[in-house]
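To start, the structure under review is shown below, and the notes come after it.
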Amino acid sequence: PSQGAFSPAPGPSQSAFNPAPGHATASGMSVSLGHVGGSAYGAGMQQSYQSDTGHPDDGNGLWNWVQQATSTVVESAHKIVNNPEVIMEGAQKLGRNIVDKTKSSMDTVLTTLDPQLADQDVLHIAVTSSKPIKVNAISMGFSPSFPRHQLHSFVCPSGVAPQPLGYQAGQQGALQRIHYLRSMHSQAAHFVAVSVENFIAELTPGCFYDLACVSLQDSVRNIDISVFSQAVPIPSMYVEQARHGTPPGFALADSGFAVKCSSLVTRDFPGVDSSDMHSVLCGVSRQQILQSASAILAGLYRQRLQQAAPSPPSALSTVQHMSSPPPSHPVQPNHSSVAPPPGPPTSGFYSH
């Protein structure tokens, strides 16, 4: 496409990609409504009672007290009904209380059923980058499959060109970051490593796209998974500028260019984060694109863990074994064919 025909898509609201703030603890709806209507009702009751006790011989004292109390209740109810803000505020507080108490109850039930759940159900993830876009995207992407996880970020070089070119270069950069993590950071030896490497690829003749390779490595269970993000088209003029900006004899020319396309795109649009050209090119932030890929990666990883976990005995096979007739003569056990008892599960953080 020509330079004059390219126009950036409107960027999304940055607030849409920030983690949602925690719910503030609020009092119950009954307390709020009782404070609104109860204060007027209580004051009316107190005034009526003091007025009636001042005239114990008055025959109409009790009837006056009932009338005033009824009038006060009706007036308070009328104020609440005619004030939608009071009703909405009370309903919102009630909804927040229900959600908070339900979550707390579920955590209590799970911990009661499995006392070791609180300690074992934490997935430690080592991210091979300290950039907030990558760290936040991975955390939010893994949350549906692994609600309890803890991220540890490490700065790890990719070992490929600043602008990787092709699928092979992109995956190579992601895996080399993990290799650097394992060799240089011993404290992350048993962590699940997740790495991100963006690259460009010519998917159709003359048409380049930006993608990301998101790789996972579980060295303890020997699990390696790589996925690729949604492809975002890049105007060819930026690819040509990156190509011409690469000096002859560039040491990493076999894996890409020396100039990032993202820096060229954001140069033409001041105020845009250089690590998020996607918000200009397609109107969707890079964090949201990486979050979707991370969610797919987490789902695949969870499936692999479930497949590797020992399965419990089938209820149907147990019933059939109990209903089979006893042998006519004692059977001598064959010790060579007796299987050892099953070991403990390989992991506890995917059990629920």
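The values are calculated or read from the model by the stated rules, or taken from the named source; none is laboratory data. The structure presented is a predicted model; accordingly, all values stated were derived computationally and were not measured. Using ideal geometry, Cβ is built from the backbone for each residue, glycine included, and neighbour counts are taken over all protein chains shown. Heavy atoms of the whole protein, side chains included, go into the accessibility calculation; ligands, DNA and RNA do not. Shrake-Rupley method; radii C 1.70, N 1.55, O 1.52, S 1.80 Å.
In a solvent-free Debye calculation with one equal scatterer on each Cα, what is log10 I(q)/I(0) for the range 122-174 at q = 0.13, 0.28 Å⁻¹, listed in the order of the q values? Once normalised to I(0) and log-transformed, intensities are -0.39, -1.04. Positive-end ranking of GLY173, GLY256, VAL155 along the dipole of the range 132-269, with charges on Cβ about the Cα centre, is headed by VAL155. ARG148 contributes an accessible area of around 70 Å² to the protein surface, as traced by a 1.4 Å probe with all chains present. The local environment of PHE208, defined by Cβ-Cβ distances under 10 Å, has a net charge of -3 under the rule Lys, Arg +1 and Asp, Glu -1. Measuring nothing but how far apart in sequence close Cα pairs (under 8 Å, 6+ apart) lie, relative to its length, the range 118-167 scores a relative contact order of 46 percent. In terms of the mean number of neighbouring beta-carbon atoms within 10 Å, the peptides 287-294, 229-236 order highest first as 287-294, 229-236. When PHE208, PHE250 are compared by accessible area at a 1.4 angstrom probe, the order from most to least is PHE250, PHE208.
Among THR266, THR204, the sequence by solvent-accessible area, most first, with a 1.4 Å probe is THR204, THR266. Residues whose amide H falls under 5 Å from that of GLY256, counting only those 5 or more places apart or on a different chain, are ALA161, LEU165, with hydrogens built in the peptide plane.
Our coupling estimate for the range 221-238, obtained by passing each phi through the Karplus curve with A = 6.51, B = -1.76, C = 1.60 and θ = phi - 60°, is 9, 6, 10, 10, 9, 9, 10, 10, 7, 5, 7, 10, x, 10, x, 4, 5, 6 Hz, Gly and Pro reported as x. Around the amide H of HIS149, modelled in the peptide plane, lie the amide H atoms of LEU123, all under 5 Å away and 5 or more residues distant in sequence or on another chain. Summing charges over neighbours of VAL220, with a neighbour being any other residue whose Cβ is under 15 Å away from its Cβ, gives +1 when K and R count +1 and D and E count -1.
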